[in-house]
Amino acid sequence: MLELLFRFLVGGVFVSLFAALSDLFKPQTFAGLFGAAPSIALATLGLAILREGPGYAAIEAHSMVPGAIAFFLYAACASWVMMRGRANALVATSLALIVWGAAAFGLWLAWWARA
Amino acid sequence: MSKIVVNFDGLRRTRWHEYGIRFLAGGTITALVGIIGKKFGPSIGGLFLAFPAIFPASATLVEKHELEKKRNSGMNGLLRSREVAGVDAAGAVMGSLGLLAFALFVSYLLQREPAWQVLLAGALIWMAVSATVWWICKTI
């Protein structure tokens, strides 16, 4: 339980820090870069290195590759729907999570089937 | 080409409860990634290191702030605010290439070089790749 609380606090700090950086910059496309910051990755990998060692963290980072490709597809889809389809941001970004899930798990299966 | 400007008004415009939402979302997903990793192993857990955890909340805030700005100027601003949120997401598309570079760099070097240095260098590589992609997209 204490470990979960610690994870929660570290993750909250990292995510808030990068989110504040995105508020700080203009133009909006540059600020948007911080939407794809490795905030959760830094918090999680840092804790994994401390508790489980670099080997465990390396396996997590290896699986992060298909997740990052899925993020690219997710953000592209969300951006297109908001700019062209003029959809509400919450609806567009929430529905696009299906794209992330399908791409991440699809690529992960292909990635690990080959590895 | 548009210049990068540091704008402290953006920080002031964000309300305390909005900072709280981001903290809660970030903390919750990091805790969940830990639980997923423990239950299903680091291979599945690692996928979620690139989960767009706070992206819906951030895009909604961008849309909301733009809408408030336009309405304060006496305009409707609904379509404009969605377009701005879309532009923000386009920035995240560029940033995700940096995220991919981070993942490739860290997964390759984590067991070969001192772990903390690799993480720090990975964060710098994310920034460098993202900013370079942004610059290329703005230039062409």
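The numbers here are math on the coordinates, done by the rules we state, and not lab data. In this text, all values refer to a predicted model and were calculated from it rather than measured experimentally. Ideal geometry is used to build each Cβ from the backbone, glycine not excepted, and the neighbour counts take in all protein chains shown.
Would you list which aspartates and glutamates come within 18 Å of B:Lys39, measuring only between C-alpha atoms, while excluding same-chain residues fewer than 8 positions from it?
Partners within reach: A:Glu3, A:Glu52, A:Glu60.
Take peptide B:3-10, look around each residue's Cβ out to 10 angstrom, count Cβ atoms belonging to other protein chains, and average those counts. Walk me through the numbers before you get to the answer.
Working: counts 3, 5, 5, 3, 6, 2, 3, 8.
Going residue by residue through B:3-10 and averaging, the value is 4.
Roughly how many Å is it from the Cα centre of the range B:62-140 to that of the range A:28-70, as a whole number?
Using only Cα atoms, the two centres lie 14 Å from each other.
Evaluate the relative contact order of the range A:2-115 (contact order divided by residue number), counting alpha-carbon pairs under 8 angstrom at least 6 apart; express in whole percent. Mind showing how you got there, number by number?
Working: 78 pairs, mean separation 23.3, N = 114.
Reported as a whole number, the value is 20 percent.
Could you sort out which of A:Lys26/B:Lys138; B:Lys3/B:Lys69; A:Lys26/B:Lys69 sit more than 18 Å apart by Cα distance in this structure? Walk me through the intermediate numbers first.
On the way: A:Lys26/B:Lys138 13 Å; B:Lys3/B:Lys69 22 Å; A:Lys26/B:Lys69 15 Å.
Those over the limit are B:Lys3/B:Lys69.
Around B:Arg71, what is the net charge, scoring Lys/Arg as +1 and Asp/Glu as -1 over all other residues with Cβ under 13 Å from its Cβ?
Values: positive: B:Lys64, B:Lys69, B:Lys70, B:Arg80; negative: B:Glu63, B:Glu66, B:Glu68.
Neighbourhood net charge equals +1.
How compact and how long is chain A, expressed as Rg and Dmax of its alpha-carbon atoms in Å?
Looking at chain A, its Cα Rg and Dmax stand at 16.1, 46 Å.
Quick one, can you get me the convex hull of the C-alpha atoms of the range B:44-129 expressed as volume per residue in Å³?
Hull volume normalised by residue count: 104 Å³.
Show me the helices of chain A, taken as full DSSP H stretches, that run 30 Å or more along their long axis by Cα and average -0.5 or above in Kyte-Doolittle hydropathy.
Working: long enough: A:2-24 (33 Å, 1.74); A:54-83 (42 Å, 1.12).
Those that pass (Cα extent of 30 Å or more, hydropathy at least -0.5) are A:2-24, A:54-83.
Note the angle between two axes, namely the Cα long axis of helix B:55-72 and the longest principal axis of the Cα atoms of chain B, as a number of degrees from 0 to 90, rounded to the nearest 10.
10
Tell me the trypsin sites (Lys or Arg not before Pro) within the range B:1-62 that lie in a loop according to DSSP and have at most 10 other beta-carbon atoms within 10 Å.
Numbers: sites: B:Lys3, B:Arg12, B:Arg13, B:Arg15, B:Arg22, B:Lys38, B:Lys39; in loops: B:Lys3, B:Arg15.
Those that pass, being in a loop and sparsely packed, are B:Lys3.
What is the mean number of Cβ atoms from other protein chains located within 10 Å of the Cβ atom of each residue in peptide B:32-39, rounded to a whole number?
Details: counts 5, 9, 11, 2, 0, 8, 2, 0.
Partner Cβ neighbours, averaged per residue: 5.
With a 10 Å Cβ neighbour count serving as the proxy for reagent exposure, in which order, fewest first, do B:Thr60, B:Thr139 appear? Provide the component values of the computation, followed by the final result.
On the way: B:Thr60 20, B:Thr139 7.
By the 10 Å Cβ count, ascending, the order reads B:Thr139, B:Thr60.
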